[in-house]
Amino acid sequence: MKILAVANNTFKEAIRDRILYLLLFFAAVCIGFSRVLALLTVGDEVKIIKDVGLASISLFGALMAILIGTGLVYKEIDKKTIYTLISKPIHRYQFLLGKFLGLVFTLFIMLLLMSIIFLALLFLHTYTIEWAMLVAIFFIFLELCLITAVAIFFSCFSSPILSSIFSIAFYLIGHLSWGFETLLQKMKPGVGKTLGQILYTVLPDLENFNFKTEIVHHLPIPTKFFVYSSFYGIFYTLFVLILSMLVFRKRDFI
Amino acid sequence: MAIALEVKDLHKSFKTGFIPKRKKILEGIFLKVEEGEIFGYLGPNGAGKTTTIKCILGLIFPDKGEIEILGHDYLSLQAKQRIGFLPENPYFYDYLTASEFLRFYAQLFGLDKKEIDKKITGLLSLVRLEDSSDIQLRKFSRGMLQRIGFAQALINDPSLVLLDEPLGGLDPLGRKEIRDIIVRLRDNGKTVFLSSHILQDIEMICDRVAIIVQGQVINQGKLQDLISEKILFTEIILSGIEKKDLEGLGECLAADGGRILLKVFDEKKVNGVLEIIQEHKGKIHSLIPRTETLEDLFVGMVTKQ
Ligand SMILES: Nc1ncnc2c1ncn2[C@@H]1O[C@H](COP(=O)(O)OP(=O)(O)OP(=O)(O)O)[C@@H](O)[C@H]1O
Ligand SMILES: [Mg+2]
């Protein structure tokens, strides 16, 4: 109940933030642009629209999560609104959880809007509603939950600009680390490889949430990948949230 | 009398500077606030009033010390359920309207919807913001923010209200209104803990005060006990008399426009002065016996430190 009150307030804050609409606008432009791109390139038009559309949704969703998420907690401390909030009967972890859920709900609404635009555009080409796209979008949503948790984690102890840089770094590393894995496979066994493997386990692998290619090209996806990716997302998010709570638990609000 | 708030040996330091250095802010604060009183926490700028209040509320963690609120541990939700807090220079969620804001905070106390609606209407009219309930807080003036801050502090009908500079940023009329509300709170059986450096306000409404200087409480007690009723001197403004006739009776200060300001330190000499004035057919414009004020006490203590 208290968590929901904070979440509701966070949702109100995010939804009244202009930056959200700016990003939504650009996302719409990019999704629309995929059509122009399809006309200019040789190849399967529909596939290009799907590729570019899903990539836009994923990228702008991540930007929304980072740009809003990094400000959420910091602003409360900076503007001292947290003084009165924390003196109400609410635990600090409830506050953080509320912030997280509020932003996740906002992102859900944004994904919904972007999906509608995307599916509508596809409908103009194929005259069918491609529900399969929603599977890819569901995993984008899981990824956004994790990115939100990460953005909130950084904003518990650093300014929005620094937190944004950290979060964007997390996002990039997360999407490039699979390359690291292929590199590891080519290495000879030894200390270097072991260290590399440890590093790889610690590093986020956001490609786990990327089912875009499979969905677009109608490739079969084994169920175990779905299950693995879902659990990966949920546990990684919980882990980062718990870390944030630990950081937040004993910090002074000055 | 039960104790509403007790602070024992509170210490707090901050790390400051590029190469962190510990700066001691509170060096052993002791406070005892009884239920049903208005307690003034008085000190010059930077003495540590706000820091103390932040410790009490669990916003910052003390290095050492014990705090008990209404018989509960100060960090417990039971304690927080029964306190209200108004920060200094309050600033709130500027994207919310006044009633949305109060509703949000009311929800944190688990009140049901009907109760909340009633509370909001009552509080908005108490702080005279009933016409602004649908205005976003970003459009509020400084005084309106102070008022809505007051309203949120009372949303849970708290037993103990902590107010940090509650009269700051208000015009004389606004101050009087807030003062009246504070007194009414006490009359309704609530305990009020307020910090201020505006002495007249404290003097007017506080039952007891504590004076904090450089992180230590140097005096605490009933106002009457702290300030002696003794007359320090009597100020007489008179005219129609030569300055030399008053020699030896007191200190002649200004003497312009034929008026003389005489400061008589010895109470017994006041009658002598009056006799001389009558003899010389002079005129008395005013006669004011000055007792010790909180300000005298305050200035005396602060400079002594
Ligand atoms: N975060 C901080 N880091 C370092 N020093 C601090 C910090 N916060 C407060 N101080 C110092 O602690 C001292 C006490 O500050 P505090 O705000 O408690 O004073 P105050 O009694 O409330 O003063 P005022 O009447 O001006 O509100 C000041 O010297 C201030 O510089
Ligand atoms: Mg202060």
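The values are calculated or read from the model by the stated rules, or taken from the named source; none is laboratory data. Computed from a prediction, not measured in an experiment: that's the story for all the values here. Neighbour counts are summed over all protein chains in view; Cβ atoms, including those assigned to glycine, are modelled from backbone coordinates with ideal geometry. Ligands, DNA and RNA are excluded from the accessible area calculation, which covers all protein heavy atoms including side chains. Shrake-Rupley method; radii C 1.70, N 1.55, O 1.52, S 1.80 Å.
Here B:LEU70 fulfils each of the conditions (1) surrounded by fewer than 17 Cβ atoms within 10 Å (Cβ to Cβ); (2) under 22 Å from the mean Cα position of the chain (by Cα) apart from (1). Among the helices (runs of 4 or more DSSP H) confined to segment A:131-205, the ones with at least 2 residues that are in contact (Cβ under 8 Å) with a residue 60 or more places away in the chain are located at A:133-155, A:160-186. Has segment B:27-39 got at least one residue that is among the hydrophobic types (A, V, I, L, M, F, W, C) and not in a strand (DSSP E or B)? Checking segment B:27-39: not a single residue is among the hydrophobic types (A, V, I, L, M, F, W, C) and not in a strand (DSSP E or B). Number of residues in segment B:156-192 that are open to solvent by less than 10 Å² (accessible area, probe 1.4 Å) and of a type in the set (D, E, K, R) equals 1. Screening the candidates A:ILE152, A:ILE161, A:ILE168, A:ILE140 for the property of being open to solvent by 20 Å² or more (accessible area, probe 1.4 Å) and within 16 Å of the chain's Cα centre (by Cα) yields one hit, A:ILE168. Quick check on segment B:91-108. Is at least one of its residues within 16 Å of ligand 1 (Cβ to nearest atom) and more than 29 Å from B:ASN219 (Cβ to Cβ)? Checking segment B:91-108: at least one residue is within 16 Å of ligand 1 (Cβ to nearest atom) and more than 29 Å from B:ASN219 (Cβ to Cβ). Listed conditions (1) more than 14 Å from chain B (Cβ to nearest Cβ); (2) open to solvent by 20 Å² or more (accessible area, probe 1.4 Å); (3) in contact with an Asp or Glu (Cβ under 9 Å, 6 or more places away or on another chain) are all met by A:THR128, apart from (3).
The residue that is farthest from the other protein chains (Cβ to nearest Cβ), among those in segment A:1-60 that are open to solvent by 60 Å² or more (accessible area, probe 1.4 Å) and part of a loop (DSSP other than H, G, I, E, B), is A:VAL42.
Whether any residue in segment B:55-62 is part of a loop (DSSP other than H, G, I, E, B), over 27 Å from the mean Cα position of the chain (by Cα), facing chain A (nearest Cβ under 8 Å) and at positive phi is what I want to check. No - not one qualifying residue is present in segment B:55-62. Residues that are of a type in the set (S, T, N, Q) and assigned to a helix (DSSP H, G or I) within segment A:87-105 comprise just one, A:GLN94.
A:THR84 - would you say it is free of Cβ contacts under 8 Å to residues at least 60 places away in the same chain, assigned to a helix (DSSP H, G or I) and crowded, with 21+ Cβ neighbours inside 10 Å? Taking the combined requirement at face value, the residue satisfies it. Of all residues in segment A:211-254, those satisfying the criterion of being modelled with pLDDT under 85 and part of a loop (DSSP other than H, G, I, E, B) are A:PHE211, A:HIS217, A:HIS218, A:LEU219, A:PRO220, A:ILE221, A:PRO222, A:ILE254. When segment B:47-58 is filtered for residues that are more than 11 Å from ligand 1 (Cβ to nearest atom) and closer than 16 Å to A:LYS250 by Cβ, the ones remaining, listed by number, are B:LEU57, B:GLY58.
Assess whether A:LYS99 counts as being under 17 Å from the mean Cα position of the chain (by Cα), of a type outside the set (Val, Ile, Thr) and within 14 Å of chain B (Cβ to nearest Cβ). So A:LYS99 passes the test. Note on segment B:96-118: residues that are at the interface with another protein chain (Cβ under 9 Å from one of its Cβ atoms), crowded, with 17+ Cβ neighbours inside 10 Å and part of a loop (DSSP other than H, G, I, E, B) total 3. Comparison of B:GLY221, B:GLY215, B:GLY257, B:GLY240 shows that the only residue that is on the phi > 0 side of the Ramachandran plot and within 16 Å of ligand 2 (Cβ to nearest atom) is B:GLY215. As for segment B:74-83, it holds no residue that is within 14 Å of ligand 2 (Cβ to nearest atom), at pLDDT below 95 and open to solvent by 20 Å² or more (accessible area, probe 1.4 Å). Is segment B:85-94 home to any residue that is away from ligand 2 (no atom under 16 Å from the Cβ), crowded, with 21+ Cβ neighbours inside 10 Å and farther than 30 Å from B:GLU130 by Cα? No; the residues of segment B:85-94 include none that is away from ligand 2 (no atom under 16 Å from the Cβ), crowded, with 21+ Cβ neighbours inside 10 Å and farther than 30 Å from B:GLU130 by Cα. Taken over segment B:14-54, the residue count meeting the criterion of being touching a strand residue (DSSP E or B) at 6+ places or on another chain (Cβ under 8 Å) and more than 27 Å from B:ASN188 (Cβ to Cβ) is 18. Pairs meeting the criteria (first residue in segment B:32-47 and more than 14 Å from B:LEU162 (Cα to Cα) and modelled with pLDDT under 95, second residue of a type in the set (D, E, K, R) and near ligand 2 (Cβ under 10 Å from one of its atoms), beta carbons under 6 Å, at least 6 apart or on different chains) are B:GLY43/B:LYS49.
None of B:ASP225, B:ASP245, B:ASP266, B:ASP207 is open to solvent by less than 70 Å² (accessible area, probe 1.4 Å), charged (D, E, K, R) and under 30 Å from B:GLU165 (Cα atoms) except B:ASP207. Checked against (1) farther than 25 Å from B:GLY110 by Cα; (2) part of a helix (DSSP H, G or I), B:LYS12 passes all but condition (2). Go through segment B:15-60 and give me each residue that's surrounded by fewer than 17 Cβ atoms within 10 Å (Cβ to Cβ), aromatic (Phe, Trp, Tyr) and within 16 Å of ligand 2 (Cβ to nearest atom). Within segment B:15-60, no residue meets the criteria. Scanning segment A:227-238 for residues that are open to solvent by less than 60 Å² (accessible area, probe 1.4 Å) and free of Cβ contacts under 8 Å to residues at least 60 places away in the same chain yields one hit, A:TYR232. The set of residues from segment B:119-177 being within 14 Å of another protein chain (Cβ to nearest Cβ), assigned to a loop (DSSP other than H, G, I, E, B) and either closer than 21 Å to B:TYR95 by Cβ or within 16 Å of ligand 2 (Cβ to nearest atom) (or both) comprises B:PHE140, B:ILE155, B:GLU165, B:PRO166.
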